[in-house]
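Remarks on the structure that follows.
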Amino acid sequence: MMTKLALVEDDLELAQWIYEYLSAKQYQVVMYHDGQKALDALKNSDVELVILDGMLPTLDGLEVCKQLRQYSNVPILMLTARDEEIDEILGLEMGADDYLTKPVRGRLLETRIKALLRRNTPQLTSPNQSVIQLGALALNQANRKVSLDDKIINLSSNEFDALLLLATKAGQVVTREELTQALRGFEYDGFDRSIDLRISRLRKKLGDSGAEPYKIKTIWGKGYLLVSEVW
């Protein structure tokens, strides 16, 4: 069965090019050119990934991303018009899983899509490996659900991946280099802030106030550590 994607882009020429490229790669693509119309349609859609432009009529891409995240964990790949850090940061803060800067390159777009779909696909694990339990915190790798004190914590795909990596090494420092390579697929350049933003969102959702007792501790100059004793 073909993977179904949603493309939300108001540049008709670019949208048609992406549509034709991905269709040739055996993806089923539905297109929207208006932010509000796309959001309304995606509320009851079975798409497996959303490619979302940052600048859209009626409702801009950042607001579409923010509202979509309130009820869906579908992977979101943002397209930003300018190579400016603020665009990338805002998209990630709204819950986007990854971003690409225009002009879009076909092979890179497909690589990012495959990576997001792969990370969002439940992995087959044996029962004793499926759940990571740290006190009241439970991560189910089979269905990619997280609960804390028996309450489901709604995490995006990239937030789950970051928490899973930290949880598998609970009590140990996970460097920014490790996190960037595992979660974004390239080496840390010393400037990329996307990992820090993911950790910031995780802390808020897990009730980490940023003061002791920490749940996710910053190890300055190195990375992050999931504290195993506080859950």
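Derivation of every value follows stated rules applied to the coordinates shown; laboratory data play no part. Because the structure is a prediction, the values reported are computed rather than measured. Quick reminder, even Gly has a Cβ in these numbers, built from the backbone with ideal geometry, and neighbours come from all protein chains shown.
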Discussion item. What's the magnitude of the charge dipole for the chain around its Cα centre, counting Lys and Arg as +1 and Asp and Glu as -1 at the beta-carbon? Answer in Debye, nearest 20.
Written reply: 840 debye
Worksheet, complete the sentence: the chain, Gaussian network, Cα under 10 Å: of Gly61, Gly135, Gly221, the residue fluctuating most is Gly221
Discussion item. Tell me which GluC sites (Glu not before Pro) from the range 7-115 have a DSSP coil assignment and no more than 16 other beta carbons within 10 Å of their own.
Written reply: Glu84
Worksheet entry | Top of Arg118, Arg193, Arg203 by mean-square fluctuation, Gaussian network on the chain, Cα under 10 Å | Arg118
Worksheet, complete the sentence: Inverse of <1/r> over all distinct C-alpha pairs of the chain, i.e. the Kirkwood Rh in Å, gives 18.5 Å
Worksheet item: Once every DSSP H run of n ≥ 4 in the chain is given -39500 (n - 2.57) and the sum is divided by its residues, what mean residue ellipticity at 222 nm do you get, rounded to the nearest 500 deg cm²/dmol?
Response: -11500 deg cm²/dmol
Discussion item. If you fit an axis through the alpha-carbon atoms of helix 157-168 and take the longest principal axis of the Cα set of the chain, what angle between them do you get, 0 to 90°, nearest 10?
Written reply: 20 degrees
Worksheet, complete the sentence: For the chain, the charge dipole (Cβ of Lys, Arg +1; Cβ of Asp, Glu -1; about the Cα centre) points to a positive end, and the Cα of Leu134, Leu56, Ile76 closest to that extreme belongs to Leu134
Worksheet item: For the Cα atoms of the chain, what angle does the longest principal axis make with the long axis of helix 194-205, in degrees from 0 to 90, nearest 10?
Response: 60 degrees
Practice prompt. Mind checking the full-extension length gain between Glu178 and Glu93? Use 0.36 nm per residue of separation minus the Cα-Cα distance, one decimal, nm.
Written response: 28.5 nm
